[in-house]
Each structure stands twice: as structure tokens, then as C-alpha cells.
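What follows is one structure encoded as C-alpha cells, with my remarks underneath.
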Amino acid sequence: MSFADNCKDADALIIQKQEFSEFMQKLSHDVGNQLQNIRGYAELLVLECESNYLERIMHIAHVTQKMLRRSVEFTDVGPIVHEPTLVNLNDTVREAAEYVVPKEIRFECSNLPSCYAERAKVFLIFTNLLRNALDSNSQGIEVRVQEKQSTYSLLFMNDGRPPDDALREQITTGKISMKHTEGLEILIVKKLVKAHGWSFSLEPASNTCYRIGIPKEDCMRV
């Protein structure tokens, strides 16, 4: 590895450290607020024995668990792809779907190309996009490939609740907000896609559609 490559890696690690510091400050603040809510509802439950408070406690606990799980994934995402290999995207996305998508949810996938990438990171990209669809109450998920002159675009589409303006802004700016746990999933995806040198965008359609652009030089049709 050249001196220039070492400098680039060092700069990437510095940026990641800054992102991690900002992220942990937000996480500490928001998890603290959630725990305070749990404590408040628990005190009301003791005083009034209202079952409604139990439902709120369980909901907050569920959201907090999800937040922490996504947070660990976000902090584990590195800015560099190590040792790319030829990854069969068909096998990887179907494996991710078996891992994440319940059987009652419709899942369809067209014939995807293989590409040179870090398979563990690609699997994490796919699982987070699928989780995002489930979080939006989607009943159907479809993955297609769109071929252009110099790229293959992977389109992840679902029929669930479309992203609101706040979430779209979060995805565009990359700013972290614990109010949108689904936004954290997409920021993980965006960071992983960027680490591969690919492009990522949310299409301006009424239905949800995320696009990953992969240069053809990184791909192989099988």
C-alpha cells in the first residue's frame, strides 16, 4: 500500500471517529429520554394500575431496543472495504430475505448481477433495506435490476408507508436523528454503499424506491 493510500485510510478513520463521537452524544441523550419515559409510566402504573401504561412501556422498550441494535450496526460500519471478492447478489439478497422477511410478506427478486464487493457489508446493506420496508408496514417487497450504459442499478421497492419529508432530509444530509429509527437503517446503508464507491439515492416517487448504482466494471452477469 502506498503512502497516499495510507493517508486516505487515516483521513477516513478520523472522519469515522468524529461521526462516532457525534453519534454517541445523540444516542446518550435520546436513550436517556426514553428511559425517563419508562420510569414515568412505571410510576403512574404503580399509582393508578392502568393497563394502558403497560402498553406504552412495552412500546418504548421495543423502540429503545431497536435503536440500540441499529446503533451498534452503525458504529460497526467501517469506511473502507477490505478484500473484495465476487459476490453473487442473487444468493445474498435471498439469504437476507430469509433472515429478515416473514413468510406472509411478499418478496420478489429479478436476476441480479454478481459484483466485486465485501460480502458481509453487502449482506448488511440488504438486511437494512428489507428491515426498512418492514418498519414501514410493507406487505410487498420487490428487488429489480435496471441496466444502463455504464451501471447496474439495484432498485429496492416496497408498498409500505413512504418516507416523510423529515426522513428524506435526514437521508440527504446524513444527519443522525433517533426520532427516525428507520432513518438510521438507511444511513447504515448509505455509508456501506459509499464505502464500496457506489451511489445511493431515494427516488422521488410516491412509493418507496431506493436505488444503488454499481459501475459495470465492478460487475459480472452470470
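A short reminder: the numbers here are calculations on the coordinates, not readings from a lab. This structure is a prediction, so every number in the text was calculated from the model and none was measured. Cβ: placed from backbone, ideal geometry, glycine included. Neighbour counts: every protein chain shown.
Can you put D135, D165 in order of Cβ neighbours within 10 angstrom, beginning with the fewest?
Least crowded to most crowded, the residues run D165, D135.
What do you get for chymotrypsin sites (Phe, Trp or Tyr not before Pro) in segment 192-222 restricted to DSSP loop and a cutoff of at most 14 other Cβ within 10 Å of the site's Cβ?
For chymotrypsin sites (Phe, Trp or Tyr not before Pro) across segment 192-222 that sit outside H, G, I, E and B with at most 14 neighbouring Cβ atoms in 10 Å, the list is empty.
Okay, which of segment 108-122 sit inside 16 Å, backbone N to the point 7 Å along the Cα-Cβ direction of D159?
108-109
So, in nm, how far is label R106 from label E217 when the simple model puts each one 7 Å beyond its Cα toward the Cβ?
Taking the two extended label points, one gets 4.0 nm.
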